[in-house]
Amino acid sequence: MLNIVISGVGGQGTLLAARAIAEAAICKGFEVRTSETIGMAQREGSVVSHVRLGHNLNGALIPDHKADILLGFELAETVRAIGKLKPGGVIISNTHRIMPVSVSLGSAGYRSDKMISSLAQATDRLILLDATQAASKAGGYKSANVVLLGVLSGLPELPFHPADLWQAIMQHVSPRTRQINQAAFELGQRIIAENRNTVSG
Amino acid sequence: MQKVLLMGNEAIARGAIEAGVMVATAYPGTPSTEVFSTLADLAPEYGFYAEWSVNEKVALEVAAGAAYTGARAMVSMKQMGLNVASDALMSLAYIGVKGGLVLVVADDPGPQSSQTEQDTRKFAAFAGVPVFDPATPQEAKDMVQAAFELSEKFGLPVILRPTTRVSHVSQDITLGDVKKLERSCHFQRDPRWVILPKLAYKQHIWLDRVQAEVAEEFNDSPFNRLSLKGKAGIVTSGVAYNYVLEACQELKLEPSLLKIGTPYPLPPKPALEMLASCGQVLVIEEQEAVVEDQLIKLAWQNRLGTAISGKHDSYVPREGELSVDKVKTVLISYFNLPRDDMPEMDVAPLPLRAPGLCAGCPHRASFLAFKELMRRDDVVFTGDIGCYTLGAEPPLEMLDTCLCMGAGITLAVGMSKIEPERKHVAFIGDSTFFHSGVPGLIDAVYNNANIVVVVLDNGTTAMTGHQPHPGTARTATGVNGAVLDPGEIARSCGVKFVREVDPYLVSEMKTCAREALEFDGPRFIVARRACVLQADSLRAYSIDAELCTGCELCIKKLGCPAIVKNQVVQISAACAGCGVCARICPSQAICEVV
């Protein structure tokens, strides 16, 4: 069984990411379960998706310390989900920061340096990238989720080929943004290729 | 066999279509909404009737009317929606139905998007209506067919009760064939449909008798499975079944296991077999002790001395949702196993990221207009259910109450009668106004309440994902023939002060608010501006660093997620272009991006 936790902020496209991974796995004959945050928390709040691939699956929620992969769409939100990661698991995290209102109001701090060292402490198999900036280069910052999926697609853990994942993503993006998303996905693939040694496990 | 990825709610909708549903109704509410939105999308293709109803009581009654004629009907809602529909449900259980009627009532343990953690299985037992409790989306889909058949066999409405972790879980689903029911539906006049007291007494006897018959029927249901292994057993229901399986695997436990998919009425046969062969039984179910209470009763009636544990001896929490980790803790304590705690990691402090109003949300502008008109202690702001409930968060802090759908207006009426020296302003969304705000408004007029009602009209039911309502141009499947206007409703109810205003126009909105506060009797303002997530995009704003004095008024007053402080105050790409910050900036430092 493969357990993937995807964390981020409402509106960043975690739902699409979970769905695409699940659909790619179904095409390869796997059972899947995903669990989503839908409703009030979607409005600017923290959101988490759980994705499980394998055989004879039960529930969709991944227990603590059981995630093989933590895919974080926003720096603080990656750290928030860190308790889900298993020892030796992989973290792929966007370093882009989305400031919660509590920080702008001065009632909370945002310590990026400490957050990054928390991630480094959790695992050696850590990939940090500014996926939002990379997506802007590809043509639209909103495709950061697809950049991150591109990175994910190169992990040795995944039971399908990057092309399978791209096929699944394509079903969910509008033809208008297809080119941008393809460029975003390829950028992600390039980043994981450069980090092959880090994640080889 | 063809397998597709479906969310639990989509799987339930698919199940309804496979079962030949002829009428579908609903009022949106997390985590139930997608059951009906999926049905609405598919209604034209499969040729059945689908409506977003004005509230859950109406939705149930419309579905019941269809079922009286012999049609199969499905109505869906969240758990608190059933409170609104309960008047209809309690009588309907006595009267019964002809065509199958399935209520999908989605529970929200946690809760994630609700005011209560009430357990619909308990409601089902109270009403005397059978309930199915699925563990997975696939099982939920399969239960729909069984629920329709049961409903028609016994002439009773039946509840399917998914929880968030079924409704919002996606799974690879095996699709079945779609059946087109060949039946001619016709309402036949009969005294059985008119519930006079004498009939109520007779039907009460019938309803009580049928409970035992349904329980017998459930003895052989494929959704209840017994596997006897040892003298210690676990009984579990709904999603908790998944957590029990996984926790037992991890702890290498192999207890006897009774998995219940029909928690009320509890099937006596597998339950008694379990009790008779086990010396001790632990009941693991989410929320209330529904299965546990029935097991205790069965054991007592049958003079069985099995030790039954669960909620009553505090092994299993009643509050919050269960998980594999929580169930593991329960099992470790119940079976006296060694703990396997992982060392706590030292993690960086994280900023709170609570849900909040979107950048450009028109509600923020409406709240702002009222915020500074009076000393905060001289006015009470009552609120309601919707996105605008988030106006309670800092820095706006503009809601003093939130109780249930429609209660903002009526709480204000009650308060105004006790503290006439204070001002009372009730905020309510457009969809909530149609749902249950109208009777409160009529009450305020009838009883001459000195309150201001502000309808935050964003032209949609935003929080649940933008469903249409009677004030929008669309219905679930087509065009609304008569768009209702909240302002016109207020006028026709006899409200003398009725104004419509665009909240983005800060000074006009403020003038309107001031005039309303100075007026006597019930006053009504429609603050109309489309939900920013649905509106055409406007030109974004930016801060001119030369002009900005760094007073941070924009941050402190608005709490807009697009205004961020990174050494200096900046406007991020999240800006939706509402321009409210530009209108309140004392240095005119915020301008449209050209």
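Below, the figures for the structure above:
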read-out: First in the stretch B:168-195 and closer than 15 Å to B:Ala13 by Cβ, second anywhere and at pLDDT below 95 and of a type in the set (Val, Ile, Thr), Cβ under 9 Å, 6 or more apart; value: B:His168/A:Thr37; B:His168/A:Ile38
read-out: Selection from the stretch A:164-201 of residues that are of a type in the set (Gly, Ala, Ser) and touching a Gly at 6+ places or on another chain (Cβ under 9 Å); value: A:Ala183, A:Ala184, A:Gly188, A:Ala193, A:Gly201
read-out: Qualifying position, being crowded, with 24+ Cβ neighbours inside 10 Å, in contact with a strand residue (DSSP E or B) (Cβ under 6 Å, 6 or more places away or on another chain) and either among the hydroxyl-bearing types (Ser, Thr, Tyr) or in contact (Cβ under 8 Å) with a residue 12 or more places away in the chain (or both), among B:Gly15, B:Gly29; value: B:Gly29
read-out: Residues within the stretch B:1-15 that are modelled with pLDDT of 95 or more, farther than 10 Å from B:Pro137 by Cβ and at the interface with chain A (Cβ under 10 Å from one of its Cβ atoms), tallied; value: 1
read-out: Criterion: away from chain A (no Cβ under 14 Å), surrounded by fewer than 20 Cβ atoms within 10 Å (Cβ to Cβ) and hydroxyl-bearing (Ser, Thr, Tyr) - qualifying residue of B:Ser542, B:Ser537, B:Ser572; value: B:Ser542
read-out: Test result for B:Val166, in contact with a Ser or Thr (Cβ under 7 Å, 6 or more places away or on another chain), in a helix (DSSP H, G or I) and either modelled with pLDDT under 95 or not hydroxyl-bearing (Ser, Thr, Tyr) (or both); value: yes
read-out: Helices (runs of 4 or more DSSP H) completely within the stretch B:42-131 that count 1 or more residues being closer than 30 Å to A:Met40 by Cβ and touching a Lys or Arg at 6+ places or on another chain (Cβ under 8 Å); value: B:79-95, B:120-127
read-out: All positions within the stretch B:306-326 that are within 14 Å of chain A (Cβ to nearest Cβ) and of a type outside the set (Gly, Ala, Ser); value: B:Glu321, B:Leu322, B:Val324, B:Asp325, B:Lys326
read-out: Matching option when the condition is among the polar types (S, T, N, Q), free of Cβ contacts under 8 Å to residues at least 60 places away in the same chain and over 27 Å from B:Leu390 (Cβ atoms), among A:Ser112, A:Ser117, A:Ser49; value: A:Ser117
read-out: Count - residues of the stretch B:13-41 that are farther than 23 Å from B:Thr432 by Cα, assigned to a helix (DSSP H, G or I) and of a type outside the set (D, E, K, R); value: 4
read-out: The one condition in (1) more than 10 Å from chain B (Cβ to nearest Cβ); (2) part of a helix (DSSP H, G or I) that A:Ala25 fails to fulfil; value: (1)
read-out: Options B:Val239, B:Val214, B:Val283, B:Val244; residue that is under 32 Å from the mean Cα position of the chain (by Cα), in contact (Cβ under 8 Å) with a residue 24 or more places away in the chain and not assigned by TED's automatic domain parsing to the domain that holds B:Val327; value: B:Val214
read-out: Sole residue being surrounded by 24 or more Cβ atoms within 10 Å (Cβ to Cβ), touching a residue at least 40 places away in the same chain (Cβ under 8 Å) and not basic (Lys, Arg), chosen from B:Thr460, B:Thr464; value: B:Thr464
read-out: Selection from the stretch B:38-81 of residues that are touching a residue at least 60 places away in the same chain (Cβ under 8 Å) and of a type in the set (Lys, Arg); value: B:Arg72
read-out: Any hit, the stretch B:374-381, residues being assigned by TED's automatic domain parsing to the domain that holds B:Glu508 and within 27 Å of A:Gln42 (Cβ to Cβ); value: yes
read-out: Flag for B:Glu254 being farther than 30 Å from B:Pro338 by Cβ and outside any helix (DSSP H, G or I); value: no
read-out: Residues within the stretch B:283-309 that are under 18 Å from B:Thr262 (Cα atoms) and small (Gly, Ala, Ser), tallied; value: 1
read-out: A:Leu16 touching a strand residue (DSSP E or B) at 6+ places or on another chain (Cβ under 9 Å), of a type outside the set (Asp, Glu) and closer than 30 Å to B:Thr174 by Cβ; value: no
read-out: Test: B:Ala124 is of a type in the set (A, V, I, L, M), under 21 Å from B:Glu61 (Cα atoms) and in contact (Cβ under 8 Å) with a residue 40 or more places away in the chain; value: yes
read-out: Per-region count, the stretch B:331-357, residues more than 30 Å from A:Val103 (Cα to Cα) and either facing chain A (nearest Cβ under 7 Å) or free of Cβ contacts under 8 Å to residues at least 60 places away in the same chain (or both); value: 8
read-out: Subset of the stretch B:575-586 [within 23 Å of A:Val9 (Cα to Cα) and within 14 Å of another protein chain (Cβ to nearest Cβ)]; value: B:Cys575, B:Ala576
read-out: Selected residue (only one of B:Gly487, B:Gly408 is buried (at least 24 other Cβ atoms within 10 Å of the Cβ), closer than 30 Å to B:Thr25 by Cβ, modelled with pLDDT of 95 or more and of a type in the set (Gly, Ala, Ser)); value: B:Gly408
read-out: Residue list for the stretch B:187-211, filter: surrounded by 10 or more Cβ atoms within 10 Å (Cβ to Cβ) and in a loop (DSSP other than H, G, I, E, B); value: B:Phe187, B:Gln188, B:Ile195
read-out: The one condition in (1) more than 23 Å from A:Val9 (Cβ to Cβ); (2) out of contact with any strand residue (DSSP E or B) (no Cβ under 8 Å at 6 or more places or on another chain) that B:Ala545 fails to fulfil; value: (2)
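Yes/no per residue for (1) more than 30 Å from B:Thr389 (Cα to Cα); (2) aliphatic (A, V, I, L, M):
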residue	(1), (2)
A:Ser7	no, no
A:Leu15	no, yes
A:Gly59	yes, no
A:Pro63	yes, no
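The values are calculated or read from the model by the stated rules, or taken from the named source; none is laboratory data. Everything numeric here is computed off the predicted structure, so don't read it as measured data. When we count neighbours, we look across all protein chains shown, and the Cβ atoms used for this are built from the backbone with ideal geometry, even at glycine.
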